[in-house]
Amino acid sequence: MLDELRRSAKRGRADDALSRLSRAVELLERGDPRGAASEGEKAKALAPRAPSVREVLGLALYGQERFAEALREMQAYRRMSGRADQNHIVMDCLRAVGRTERIVPLAEEALRARITNEAKAEAIVVAAAALTDAGRFDEALAFLRRARTRDDVGEDWVLRLWYVTADVLERAGRVEEAVREFRKILRHDAGAFDVAERLAQLG
């Protein structure tokens, strides 16, 4: 990060930019996106071409649900870094502002990229949500099933994928399949999400 800031910061301001950025990260981790955005804006003024600055500022704005502003920063991060690891944030911002036509292509890009399974899972979830919003349940389920999961491995991101799959199945009227998916989650974590309540409602 320091090397990146030294390359991109205004002359003699790299240390100041790093200080502001570090403070923004700290505030974000403490659950203060408003404070993080304030520090992030100051870091951006010092190093506007630093991908890490735009990423942290974008995440802080996203945390405040300032989706249009967050979208601009996250798109800048994606363009400057060439990375797809935050595509799910870009996609969710697009969904929030009603620009859904780019969501599936960005998810496809994330699935091809060398990023973590968690980041890929989040991209799949956002794409499936957008397709479900449009009533395209079969396409949403097909997208969810592209994730590589095993029934005997219940990592947090896997449980989230299963939960979204169950939710889409229920919304599509495929209740028995939804129940099976919810029960699969319970086998790994009895307290996950609101699964117990959802199952009780489904009988």
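Rule-based calculations on the coordinates, nothing more; no lab input. Values in this document were obtained by computation on a predicted structure and should not be read as measured data. In this analysis, Cβ positions are derived from the backbone assuming ideal geometry, glycine residues included, and neighbour counts consider all displayed protein chains.
Among all positions in segment 73-81, there is at least one residue which is at negative phi, charged (D, E, K, R), out of contact with any Cys (no Cβ under 7 Å at 6 or more places or on another chain) and touching a residue at least 12 places away in the same chain (Cβ under 8 Å). If we scan segment 176-196, do we find a residue that is out of contact with any Leu (no Cβ under 8 Å at 6 or more places or on another chain) and of a type in the set (A, V, I, L, M)? Yes, segment 176-196 contains at least one residue that is out of contact with any Leu (no Cβ under 8 Å at 6 or more places or on another chain) and of a type in the set (A, V, I, L, M). Any residue at all in segment 94-116 that is free of Cβ contacts under 8 Å to residues at least 40 places away in the same chain, touching a Phe, Trp or Tyr at 6+ places or on another chain (Cβ under 8 Å) and assigned to a loop (DSSP other than H, G, I, E, B)? Yes. A single member of ALA147, ALA68, ALA119 is of a type in the set (Gly, Ala, Ser) and farther than 20 Å from VAL53 by Cα, and it is ALA147. Identify all residues within segment 65-113 that are more than 25 Å from SER8 (Cα to Cα) and among the basic types (Lys, Arg); write none if there are none. ARG66, ARG95, ARG99, ARG102, ARG112, listed by residue number.
Which ones in segment 2-18 are under 26 Å from the mean Cα position of the chain (by Cα) and either loosely packed, with under 15 Cβ neighbours inside 10 Å or at positive phi (or both)? Before the answer, list the steps.
As a first pass, look at segment 2-18 and keep what is under 26 Å from the mean Cα position of the chain (by Cα): 2, 4-5, 17-18.
Answer for segment 2-18, where residues must be under 26 Å from the mean Cα position of the chain (by Cα) and either loosely packed, with under 15 Cβ neighbours inside 10 Å or at positive phi (or both): just LEU2.
The single condition from (1) of a type in the set (Ser, Thr, Tyr); (2) surrounded by fewer than 22 Cβ atoms within 10 Å (Cβ to Cβ); (3) within 30 Å of THR100 (Cβ to Cβ) that SER38 fails is (3). Condition first: part of a loop (DSSP other than H, G, I, E, B) and either touching a strand residue (DSSP E or B) at 6+ places or on another chain (Cβ under 8 Å) or exposed (fewer than 12 other Cβ atoms within 10 Å of the Cβ) (or both). Can you find one or more residues in segment 166-179 that meet it? Yes; the residues of segment 166-179 include at least one that is part of a loop (DSSP other than H, G, I, E, B) and either touching a strand residue (DSSP E or B) at 6+ places or on another chain (Cβ under 8 Å) or exposed (fewer than 12 other Cβ atoms within 10 Å of the Cβ) (or both).
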